[in-house]
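The values are calculated or read from the model by the stated rules, or taken from the named source; none is laboratory data. Predicted model, so just to flag it, every value in this text is computed and none were measured. Backbone-built Cβ (ideal geometry, glycine too); neighbour counts: all protein chains shown.
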Amino acid sequence: MFIRSVAHDTTLDAFREEVRAFCEEEMPAEMRLKRTSGQHIEKAEYDLWLKRLGSKGWLTGKWPKEHGGLGWSPAHFLAFCEELGRAGSPPVPPFGTTMAGPVIYTFGTEEQKKQHLPAIMKNDAWWCQGYSEPGAGSDLASLKTKAVRDGDDYVVNGQKIWTSLAHWADWMFCLVRTSTEGKKQQGISFLLIDMKTPGITVRPIIAITLGHHLNEVFFDNVRVPASNLIGEEGKGWTYAKFLLANERVGNVDIAKFEHYLEELKKLLAVTKEGGRPLSEDPAFKRRVAELEVGLAGVKALMADQLAAEREQGGAPTMMGAAALKLRGTELQQGILQGLVDVLGRHGMVYQTDALAPGWNGEPIGPEGSAALVYEHLYRRAATIYGGSSEIQKNIIAKGSLGL
Amino acid sequence: MASFASEERQLLHESLHDFLSDRYAFEHQLKLARSEDGCGFGRAEWGQYAEMGWLGVALPESVGGADGGMTELAIVLAAGGHYLALEPLVATLVMGAGAVAEMGSPEQVAKLSDVANGKLILAFCHAEPDAGYARDHVMATAMPDGDGYVLSGSKSFTLHAHAADALIVTGRIGGSSGPVGLFVVPREAPGVVVNRAPALDGRLGAAVTFEGVQLGGDARLGGKDAADGLAVVERLIDRGALAVCAESVGAMAAVTEQTLAYLKTREQFGQALSQFQVLQHRVVDMSVATEEARAMVHAALQAVDDGGPDARHAIWKAKVQTARAARFVGGQSVQLHGGMGMTDELAIGHYYKRLSMNEALFGDAEWYLKQLAADVAA
């Protein structure tokens, strides 16, 4: 009860300024414009920017120094992500930097570390996450993609789904079934797969946003060197759990929530009803106040997590992470819904053409509307990905309430 | 106007579902929505609706209609919502035909026979960029010019305006403080600038600007002595709100059914999702919300057809509740389908987007609540 300090950490203010200045000087102008217009960022320009961040060691700042990182605390890492977001940068993709990388340096061999860690630090390799399957969503442990040992290789057959950026990825970290004996978790292994291996097919999945970032990945007798196995056979679930708490906190991008709340206030000021700006409407003022309360709640939960991490030496608690993900994603959807409700006054258009680079058409409604609608539709998945809200509640029920 | 007997309504409902379940499967809907011709709905289907008598269900017998009321029309709209029909039912039958029926001269009303037979598609362009959901904010003007008028102004995005044969457009006669006139404007008339765009749910429409469009005297509904059209506009928009509620009830019923079926077949953790009580209660909540909305929409339809003074409030209350139900049912249908609900391939996301649009069309829940609050006795 109110034991730890949740005071704002001012020791990071200079670092924040450093990140801001770097973004100001080094971030390509077109990329910053795209953040506002919502236009899709191409792989080449994203890669260029990530490499620049990599040149400062910032892609992997959170890694321990012994593995080439800068040894950032969770608060330091959060500050970095926040300042990037505020500067209009797209997020650093997590798959190599906060997922595959940490598993490799924690559980991998020296060979594997040498092969992969430097490339992740410089963004010389793009990664994707092979976890979910059509029959294994919330019940991930029931996954069926098989890896059968054959000489020096594993032969992989099966299918992964919801694989973000598989169409850009050079490598996949993949949960595969190496045994059907015993509990389902005990038969899972963690395998690194080169996306250029013959037998891999990537098929795009178009989302309700009408955009493409998700994919299905099919494995047809794909030969993967056994030296790509991380750690021991059957320990894959343990390595995966090691990552999960990180993923949950990472899904709550508070700087982004603040940005969208600011966008809501701006939109209210430029949208009129009966000739008067909606920012004068008491119902909308109250709505904004409600969202500000929600934001304060999520920030407080995050500060609490960071305080706990300072004490416990670097990992978020499963409990705190679950509550944060649950409330954070609900708030996120609430802010975006507010935006869309205002856009309803302009006729609820979704000019998807405006999201393609180089669009020259005439926008209907305020500039950047298409980007806001895109984000609203995309984040209907926020309460589904990274462990659905229902699963987060199960985690809290079992882990905290002993139910 | 003569309400149908229950048996006739039942027949109407069944014939709609028989037809649409057979000819408007989701794969077909998607093809129509995204076809190359760019109109975004089925012209052939529109002709079939005409043949079946559905376009004229609420039009007078004198123009080839069945003389039904709002309730009969709502049965058609609910069926449309159930199958995510793309055709301009609300735009033409409720808004366009409604405007003509209320304000038109006998000659203008006679043209409704072309609505009944499928030859005439209409859209109603009234809302303007700075109006929001307020109904009386009209800046477009119709300046008298001899016997005719010159129409100028910008209208907000309107579904189906890109494909309508004629647009019913409001403008203040003589200047910014003049009475509101309603004008029938051929979409392809010189000076009509159509900025076509997709709506949130993928249907097409347009923001239309009128740049000195020359209109004859016969373009004004009711002629030069017509009364100020604002009261008619208010009634039309209320009906539009009720109409999209009827569509939403159909869509909510469909998506709740589909979600229930999914829960029964999808297995995780060794059992069907429908075995988990949390999820059972969630789909029950969806079902109850749909039922309550349906009942309130029905009550409002009855009030409209009875012509009583309470019809307006009944519509507003139905809109508040149906919009809230639509938000919940649509959102939960995606949530309960997990990742699948987020795909373009499955119908669920499309229902979610249609329900989202219908929440906002002609005013959203908050706006109607505000109107009701203003009318609460001190």
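Key figures for this structure:
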{"quantity": "Filtered residues of the range B:19-33 (kept if hydroxyl-bearing (Ser, Thr, Tyr) and in a helix (DSSP H, G or I))", "calculated": "B:21"}
{"quantity": "Of all residues in the range A:179-194 being of a type outside the set (Gly, Ala, Ser) and surrounded by 20 or more Cβ atoms within 10 Å (Cβ to Cβ), the one that is nearest to residue A:135 (Cα to Cα)", "calculated": "A:188"}
{"quantity": "Test: residue B:43 is outside the structural domain of residue B:343 (by TED's automatic domain parsing) and over 29 Å from residue B:219 (Cβ atoms)", "calculated": "no"}
{"quantity": "Single condition residue A:175 does not satisfy, out of (1) part of a strand (DSSP E or B); (2) within 14 Å of chain B (Cβ to nearest Cβ)", "calculated": "(2)"}
{"quantity": "Long-range neighbours under 6 Å by Cβ, at least six apart or interchain, first residue within 9 Å of another protein chain (Cβ to nearest Cβ) within the range B:128-149, second among the aliphatic types (A, V, I, L, M) and part of a loop (DSSP other than H, G, I, E, B)", "calculated": "B:137/B:131"}
{"quantity": "Residue match in the range A:30-37 (condition: assigned to a helix (DSSP H, G or I), in contact with a Pro (Cβ under 8 Å, 6 or more places away or on another chain) and among the aliphatic types (A, V, I, L, M))", "calculated": "yes"}
{"quantity": "Evaluation of residue A:240 against (1) surrounded by fewer than 20 Cβ atoms within 10 Å (Cβ to Cβ); (2) in contact with a Phe, Trp or Tyr (Cβ under 8 Å, 6 or more places away or on another chain) (one fails), failing number", "calculated": "(1)"}
{"quantity": "The one condition in (1) within 14 Å of another protein chain (Cβ to nearest Cβ); (2) at pLDDT below 95 that residue B:225 fails to fulfil", "calculated": "(1)"}
{"quantity": "Where residue A:129 falls short, out of the listed (1) away from chain B (no Cβ under 14 Å); (2) part of a strand (DSSP E or B); (3) surrounded by 23 or more Cβ atoms within 10 Å (Cβ to Cβ)", "calculated": "(1)"}
{"quantity": "Every residue from the range A:1-30 that is basic (Lys, Arg) and not assigned by TED's automatic domain parsing to the domain that holds residue A:84", "calculated": "A:4"}
{"quantity": "Total residues in the range B:214-241, condition part of a helix (DSSP H, G or I) and closer than 19 Å to residue B:136 by Cα", "calculated": "12"}
{"quantity": "Residue satisfying all of: in the range B:169-182; touching a Leu at 6+ places or on another chain (Cβ under 6 Å) and closer than 17 Å to residue B:209 by Cα; surrounded by the most Cβ atoms within 10 Å (Cβ to Cβ) among these", "calculated": "B:171"}
{"quantity": "Selected residue (criterion: farthest from the other protein chains (Cβ to nearest Cβ)) from residues of the range B:365-378 that are hydrophobic (A, V, I, L, M, F, W, C) and surrounded by fewer than 24 Cβ atoms within 10 Å (Cβ to Cβ)", "calculated": "B:377"}
{"quantity": "Top-ranked residue in the range B:343-364 [being of a type in the set (A, V, I, L, M) and under 16 Å from the mean Cα position of the chain (by Cα); ranked as nearest to the other protein chains (Cβ to nearest Cβ)]", "calculated": "B:360"}
{"quantity": "Residue tally, condition under 21 Å from residue B:86 (Cβ atoms) and more than 13 Å from chain A (Cβ to nearest Cβ), over the range B:314-342", "calculated": "2"}
{"quantity": "Residues satisfying the stated conditions in the range B:1-34, i.e. of a type in the set (Asp, Glu), loosely packed, with under 11 Cβ neighbours inside 10 Å and under 18 Å from residue B:69 (Cα atoms)", "calculated": "B:7"}
{"quantity": "Top-ranked residue of the range A:4-25 - restricted to ones that are free of Cβ contacts under 8 Å to residues at least 12 places away in the same chain and surrounded by 12 or more Cβ atoms within 10 Å (Cβ to Cβ), ranked as nearest to residue A:56 (Cα to Cα)", "calculated": "A:18"}
{"quantity": "In the range B:344-358, residue surrounded by the most Cβ atoms within 10 Å (Cβ to Cβ) [restricted to those that are small (Gly, Ala, Ser) and closer than 15 Å to residue A:210 by Cα]", "calculated": "B:349"}
{"quantity": "The one condition in (1) part of a loop (DSSP other than H, G, I, E, B); (2) touching a residue at least 60 places away in the same chain (Cβ under 8 Å) that residue B:36 fails to fulfil", "calculated": "(2)"}
{"quantity": "Residue count for the range A:228-285, restricted to those that are part of a helix (DSSP H, G or I) and in contact (Cβ under 8 Å) with a residue 12 or more places away in the chain", "calculated": "31"}
